[in-house]
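Asker: Mind having a look at this structure? Questions to follow.
The values are calculated or read from the model by the stated rules, or taken from the named source; none is laboratory data. In this text, all values refer to a predicted model and were calculated from it rather than measured experimentally. In this analysis, Cβ positions are derived from the backbone assuming ideal geometry, glycine residues included, and neighbour counts consider all displayed protein chains.
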Amino acid sequence: MNVTTRGTSRASRGVVYIHSAPSAVCPHVEWAIGGVLGAPVSLSWTPQPAATGTYRAELSWQGAPGTAARICSALRGWAHLRFEVTEEPTPASEGARYSYTPGLGVFSAVTGLHGDLMIPEDRLRAAVARAALGEVTLEHQIDRLLGRPWDDELETFRHAGEGAPVRWLHQVV
């Protein structure tokens with residue numbers, strides 16, 4: 001499903017991936033996303049085989065830069081909900097990636113033109129300083145800056161289940 005909001009002359013676009021949501025939460029997820037986008041949302045829910053009794057869905061959206069952050073804020077904190085929201089960069093703004101799991105909370109990162117995560121200098125300096133003090137290893141800090149704990153937890157949920165829509169990407173040669 002695609003949703004475009006009004007007043008998006010400098011629009012960005014992205015995708016919301018709901019990896020797992022209990023059936024009772026599904027209508028609330030639609031309502032929350034629709035509230036951010038300013039248009040009703042009706043997702044095509046399919047069973048999530050990685051977590052019995054939960055469902056998965058995805059939505060492509062177009063809206064003002066910062067929409068991904070607003071969607072993440074509307075969905076975070078819900079028990080048993082796992083999701084990711086992406087936002088592509090525009091000529092006037094960076095892109096973004098948000099991941100959420102109940103155990104880890106929110107991961108956010110700025111993404112560049114080619115989808116690479118862009119780690120701000122102050123976060124890198126803080127990681128090096130914590131490692132130098134022996135609080136953590138530098139490898140652990142870099143893994144967190146890159147969202148590895150979230151990727152590790154969400155990987156099982158990302159694989160398309162039976163009947164789930166699969167998007168095929170083609171390499172241009």
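Asker: Output the residue which, of all residues in the stretch 6-60 that are hydroxyl-bearing (Ser, Thr, Tyr) and free of Cβ contacts under 8 Å to residues at least 12 places away in the same chain, is nearest to Leu75 (Cα to Cα).
Answerer: Here the residue is Thr52.
Asker: Being modelled with pLDDT of 95 or more and touching an Asp or Glu at 6+ places or on another chain (Cβ under 9 Å) narrows it down to one residue among Ala74, Ala109, Ala57; which is it?
Answerer: From the options Ala74, Ala109, Ala57, the qualifying one is Ala57.
Asker: Let me ask you something else. Out of all the residues in the stretch 115-123, is one or more acidic (Asp, Glu), buried (at least 18 other Cβ atoms within 10 Å of the Cβ) and either modelled with pLDDT of 95 or more or farther than 13 Å from His19 by Cβ (or both)?
Answerer: no
Asker: Just give me the residues in the stretch 65-90 being crowded, with 17+ Cβ neighbours inside 10 Å, without any contact (Cβ under 8 Å) to a residue 60 or more places away in the chain and outside any helix (DSSP H, G or I), in sequence order.
Answerer: If the condition is that a residue be crowded, with 17+ Cβ neighbours inside 10 Å, without any contact (Cβ under 8 Å) to a residue 60 or more places away in the chain and outside any helix (DSSP H, G or I), then Pro65, Trp78 are the ones that fit.
Conditions tested, residue by residue: (1) at pLDDT 95 or above; (2) among the acidic types (Asp, Glu).
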| position | (1), (2) |
| --- | --- |
| Met1 | no, no |
| Gly7 | no, no |
| Ser12 | no, no |
| Ile18 | yes, no |
| Pro22 | yes, no |
| Val25 | yes, no |
| Glu30 | yes, yes |
| Ile33 | yes, no |
| Ser44 | yes, no |
